[in-house]
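*Asks:* Before we start, here is the structure in question, set down as structure tokens.
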Amino acid sequence: MKFKSLGYCIFTWVVLAISTFSYGQKVTIPVETKNDALVLQTDSQDRLWTVYFGKRLSSKSDYEAVASQYHFSDDNAGLYNNAYTPSGTWNLSEPALEITHGDGNPSTELKLVHYQESQLSPNTTLTEIQLEDPVYKTGVTLFYKAYSEQNVIEQWVSITNREKQSIILNKYASANLFFAGKDFYLTSFQGGYLKEMQPFQEHLLQGVRAIESKLGTRAMLLGTPNFILSFGGPAKENSGKVILGQLAWSGNFKLEFEVDSHQSLRFIAGINPYESAYTLPAGVTFTTPPLVYSISNQGTGQASRQLQDWARNDRILEGKGERLTLLNNWESTYFDFDEAKLVNLIGDAKTLGVDMFLLDDGWFGNQFPRNNDHAGLGDWQENVKKLPHGLGYLVKAAKSKGVKFGIWIEPEMVDPQSELYNHHLDWVIRQPDRPEKYYRNQLVLDLANPEVQDFVFNIVDHLFTANPGLAFIKWDCNAVIYNAYSPYLHKNNLPQTELYVDYVMGLYHVLDRIRAKYPKVPMMLCSGGGGRADYSLLKYFTEFWPSDDTDPVERIFLQWNYSYFFAAIATDCHVTNWGKEPIKFRTDVASMGKLGFDINVSQLSKSDLAFCKSAVLNYNSFKDIIWHGNQYRLASPYINPYASILYVQADQKRAVMFTYLSD
């Protein structure tokens with residue numbers, strides 16, 4: 001089975017405008033939010049260009065007048081400002097689209113054939129622009145979904161093969177933007193394990209700056225698809241024009257920022273074309289993931305508040321709902337626990353006053369017991385020595401104490417020391433003739449394979465059906481893809497270059513099935529850190545784990561950086577034993593997101609235990625402001641020897657401010 005579309009289901013809408021024009025006629029298409037506009041326009045040959053990106057004007061005639069003042073022609077390089085640049089014909093710039101047609105021709109031309117604008121809601125407008133190759137009839141539709149009040153645009157592309165033979169998509173970007181002017185600054189977020197989301201700001205000079213991932217799964221581990229683009233100077237919190245956004249894709253990505261010979265900027269974002277040539281059979285449509293971005297003329301503060309508001313309202317699962325505070329056992333027990341110890345920890349969760357106890361890694365595997373991270377992954381049966389009465393006993397024990405029960409899983413991975421590996425080597429991503437390469441002693445399962453998708457779905461389904469009171473899933477993903485090779489694609493004579501894309505689509509397919517059956521059960525994204533936090537996965541998950549680095553001082557910086565792109569309601573922050581700061585400092589830092597604890601409650605002093613209990617009660621009194629209010633970054637720890645962040649309730653009647661001073 002092959003999945004070609006990431007899917008956008010639109011059930012009802014009002015069509016505002018449908019194009020009626022003659023070929024060769026100049027057509028102007030504005031995509032507008034409350035404050036800003038992206039304007040596209042055709043030329044005499046029906047090619048589509050970006051002719052304006054700026055503040056919203058009063059009428060279409062104003063856009064036409066502004067566009068006439070720009071002169072983009074450059075015979076030496078093609079034209080830089082094409083709305084979706086094809087390759088192989090008139091263009092000599094970096095393309096957004098590269099196709100090998102059925103007859104082997106690598107050239108594509110795109111011309112406007114139709115467009116329409118639809119009102120999906122009072123706040124949301126969808127513009128669909130249909131382009132077509134006049135020779136091969138390959139269809140490309142550009143989608144622009146504008147959220148007016150938030151000044152957020154979400155754009156993506158669908159490509160339809162109308163030829164009689166299969167075509168090969170060699171590059172298929174989600175967006176191709178163009179900004180006239182000079183002096184652009186890019187802030188990207190790089191790092192590594194325990195050092196996620198480290199900001200790096202640079203002045204973009206002529207040439208191409210690329211940010212990308214080739215890791216396959218943990219796409220955000222080393223670099224992220226998040227970016228801040230500022231105009232006319234470095235990004236500022238409360239002034240200046242900025243675009244702040246993310247490519248919402250859970251696999252390999254590539255963001256290309258090119259300052260051209262006129263000092264204007266071209267921005268191409270999409271799935272990384274590295275080893276990802278994709279065969280598209282006749283009559284089939286491929287849909288790219290979306291690029292999501294917030295536009296602000298008042299700095300990054302406004303841009304991030306807009307994006308957070310959009311995320312809560314339109315993207316994060318239950319983004320306007322509630323969350324469960326919790327006690328996790330990981331740092332207090334690691335793999336060393338039994339049923340009696342867990343029952344005591346469940347009692348500690350009740351003592352703290354949190355909503356839930358979360359059982360982490362180590363509860364499964366019998367032939368290969370999960371007593372460390374070298375064995376058992378893939379064998380999702382309760383370990384009978386640790387849990388002789390099964391998970392159901394713990395779920396009931398939690399219920400009897402008035403708390404909920406959650407469980408950790410890592411269903412996309414397998415240990416070589418496991419029954420699953422021994423019985424289903426054909427389900428494992430690995431080169432058959434090369435030594436296996438492990439990341440945390442594990443390998444990745446082949447989610448391009450529908451049987452593997454069924455296996456992963458059934459892990460979750462069985463947990464819920466066997467334990468009806470189960471209230472939470474922590475979904476981990478620790479390995480990257482080494483030795484990329486799919487036994488399933490090989491067996492079905494499909495190109496290995498489709499693995500990176502089919503893996504992610506297979507994961508989305510599993511999550512679609514899970515959410516169809518269990519639409520609202522809270523689930524946490526985890527990857528040891530920033531390996532997973534994108535707005536395609538957050539359609540299925542209520543929250544994510546920002547980093548295994550829980551040192552409270554370092555967390556101030558990490559959570560500051562994540563706050564540019566993510567609302568606090570989606571950001572899991574735990575009190576742990578990392579760092580030397582007192583319990584109040586650690587609890588305050590964790591209270592700036594969704595509060596949790598990962599400590600040994602029985603080892604707390606009487607005063608620290610009393611404080612934690614009162615802190616949970618206090619948090620419950622203001623958590624709605626943190627989760628649903630507007631966030632203001634008042635004083636940056638990168639500039640000052642202190643940090644200050646303010647959360648303000650929507651009606652501005654209540655606020656919570658956190659301030660930290662360095663020694």
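*Asks:* Test residue 576 against the stated conditions and say whether it is farther than 25 Å from residue 532 by Cβ and either touching a strand residue (DSSP E or B) at 6+ places or on another chain (Cβ under 6 Å) or of a type in the set (Val, Ile, Thr) (or both).
*Replies:* No.
Yes/no matrix, rows are residues, columns are (1) basic (Lys, Arg); (2) closer than 22 Å to residue 460 by Cβ:
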position: 343; (1), (2): no, no
position: 348; (1), (2): no, no
position: 357; (1), (2): no, yes
position: 362; (1), (2): no, yes
position: 386; (1), (2): yes, yes
position: 393; (1), (2): no, yes
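*Asks:* Next question, about the same structure. Taking only pairs six or more apart or across chains, which ones have beta-carbon atoms under 7 Å, a first residue in the stretch 633-662 that is charged (D, E, K, R), and a second residue that is surrounded by 14 or more Cβ atoms within 10 Å (Cβ to Cβ)?
*Replies:* 633/237; 633/301; 633/560; 633/563; 633/645; 654/625
*Asks:* Taking the stated definitions as given, is residue 26 farther than 17 Å from residue 141 by Cα and either surrounded by 12 or more Cβ atoms within 10 Å (Cβ to Cβ) or at pLDDT 95 or above (or both)?
*Replies:* Against the criterion (farther than 17 Å from residue 141 by Cα and either surrounded by 12 or more Cβ atoms within 10 Å (Cβ to Cβ) or at pLDDT 95 or above (or both)), residue 26 qualifies.
*Asks:* Since residue 91 meets every condition but one in (1) buried (at least 18 other Cβ atoms within 10 Å of the Cβ); (2) assigned to a strand (DSSP E or B), which condition does it not meet?
*Replies:* For residue 91, the failing item is (2).
*Asks:* Considering every residue within the stretch 300-314, establish whether at least one is modelled with pLDDT under 95 and out of contact with any His (no Cβ under 7 Å at 6 or more places or on another chain).
*Replies:* There is no residue in the stretch 300-314 that is modelled with pLDDT under 95 and out of contact with any His (no Cβ under 7 Å at 6 or more places or on another chain).
*Asks:* Within the stretch 605-618, is even one residue buried (at least 20 other Cβ atoms within 10 Å of the Cβ) and hydroxyl-bearing (Ser, Thr, Tyr)?
*Replies:* Checked against the condition, which is being buried (at least 20 other Cβ atoms within 10 Å of the Cβ) and hydroxyl-bearing (Ser, Thr, Tyr), the stretch 605-618 yields no hits at all.
*Asks:* From (1) more than 18 Å from the chain's Cα centre (by Cα); (2) assigned to a strand (DSSP E or B), pick out the condition that doesn't hold for residue 189.
*Replies:* For residue 189, the exception is condition (1).
*Asks:* Show the residue pairs meeting these rules: Cβ distance below 7 Å; 6+ apart or different chains; first residue within the stretch 110-137 and farther than 24 Å from residue 81 by Cβ; second residue buried (at least 17 other Cβ atoms within 10 Å of the Cβ) and among the basic types (Lys, Arg).
*Replies:* Taking only residues 6 or more apart or on different chains, the pairs are 124/145.
*Asks:* Here's a follow-up. Out of everything in the stretch 455-503 that is assigned to a helix (DSSP H, G or I) and β-branched (Val, Ile, Thr), what residue ends up being nearest to residue 323 (Cα to Cα)?
*Replies:* The residue in question is 460.
*Asks:* Does residue 395 satisfy the condition of being part of a loop (DSSP other than H, G, I, E, B) and among the hydrophobic types (A, V, I, L, M, F, W, C)?
*Replies:* Judged against the criteria, residue 395 is not a match.
*Asks:* For residue 110, work out the one condition from (1) modelled with pLDDT under 95; (2) hydrophobic (A, V, I, L, M, F, W, C); (3) under 25 Å from residue 285 (Cα atoms) it doesn't fulfil.
*Replies:* Unmet for residue 110, out of (1) modelled with pLDDT under 95; (2) hydrophobic (A, V, I, L, M, F, W, C); (3) under 25 Å from residue 285 (Cα atoms): (1).
*Asks:* Of everything in the stretch 343-364, what is among the charged types (D, E, K, R), part of a helix (DSSP H, G or I) and touching a Ser or Thr at 6+ places or on another chain (Cβ under 8 Å)? Give them in sequence order.
*Replies:* Once the filter is applied, which keeps residues that are among the charged types (D, E, K, R), part of a helix (DSSP H, G or I) and touching a Ser or Thr at 6+ places or on another chain (Cβ under 8 Å), the stretch 343-364 yields only 348.
*Asks:* Now for a separate question. Considering each of 470, 499 in turn, give the residue that is closer than 20 Å to residue 169 by Cβ, crowded, with 21+ Cβ neighbours inside 10 Å and either of a type in the set (A, V, I, L, M, F, W, C) or touching a strand residue (DSSP E or B) at 6+ places or on another chain (Cβ under 8 Å) (or both).
*Replies:* That would be 499, the only listed residue that is closer than 20 Å to residue 169 by Cβ, crowded, with 21+ Cβ neighbours inside 10 Å and either of a type in the set (A, V, I, L, M, F, W, C) or touching a strand residue (DSSP E or B) at 6+ places or on another chain (Cβ under 8 Å) (or both).
*Asks:* Applying the selection to the stretch 426-450, what residues are more than 11 Å from residue 487 (Cα to Cα) and assigned to a loop (DSSP other than H, G, I, E, B)?
*Replies:* Of everything in the stretch 426-450, those that are more than 11 Å from residue 487 (Cα to Cα) and assigned to a loop (DSSP other than H, G, I, E, B) turn out to be 433, 434, 435, 436, 437, 438, 440, 441.
*Asks:* Residues being outside any strand (DSSP E or B) and either of a type in the set (A, V, I, L, M) or under 12 Å from residue 221 (Cα atoms) (or both): count how many of those fall in the stretch 513-533.
*Replies:* Qualifying residue count, the stretch 513-533: 11.
*Asks:* Any idea how many residues of the stretch 313-342 are assigned to a helix (DSSP H, G or I) and either in contact with a Pro (Cβ under 8 Å, 6 or more places away or on another chain) or of a type in the set (Gly, Ala, Ser) (or both)?
*Replies:* Total meeting the criteria: 3.
*Asks:* Follow-up. Right, residue 353: of a type outside the set (Ser, Thr, Tyr) and either surrounded by fewer than 21 Cβ atoms within 10 Å (Cβ to Cβ) or modelled with pLDDT under 95 (or both) or not?
*Replies:* Considered against the rule, which asks whether it is of a type outside the set (Ser, Thr, Tyr) and either surrounded by fewer than 21 Cβ atoms within 10 Å (Cβ to Cβ) or modelled with pLDDT under 95 (or both), residue 353 comes out as yes.
*Asks:* Something else: Return the only residue of 190, 119 being surrounded by fewer than 16 Cβ atoms within 10 Å (Cβ to Cβ), at pLDDT 95 or above and either at negative phi or of a type in the set (Gly, Ala, Ser) (or both).
*Replies:* Among 190, 119, only 119 is surrounded by fewer than 16 Cβ atoms within 10 Å (Cβ to Cβ), at pLDDT 95 or above and either at negative phi or of a type in the set (Gly, Ala, Ser) (or both).
*Asks:* A further question follows. Got a number for residues in the stretch 511-535 being more than 27 Å from residue 330 (Cα to Cα) and either touching a Leu at 6+ places or on another chain (Cβ under 7 Å) or among the hydrophobic types (A, V, I, L, M, F, W, C) (or both)?
*Replies:* Residues in the stretch 511-535 being more than 27 Å from residue 330 (Cα to Cα) and either touching a Leu at 6+ places or on another chain (Cβ under 7 Å) or among the hydrophobic types (A, V, I, L, M, F, W, C) (or both): 1 in total.
*Asks:* Quickly run through the stretch 399-416 and pick out the residues that are without any contact (Cβ under 8 Å) to a residue 40 or more places away in the chain and in a loop (DSSP other than H, G, I, E, B).
*Replies:* Answer for the stretch 399-416, where residues must be without any contact (Cβ under 8 Å) to a residue 40 or more places away in the chain and in a loop (DSSP other than H, G, I, E, B): just 416.
The values are calculated or read from the model by the stated rules, or taken from the named source; none is laboratory data. Since the model is a prediction, treat every value here as computed from it, not as a measurement. Cβ atoms come from the backbone with ideal geometry, glycine included; neighbour counts cover every protein chain shown.
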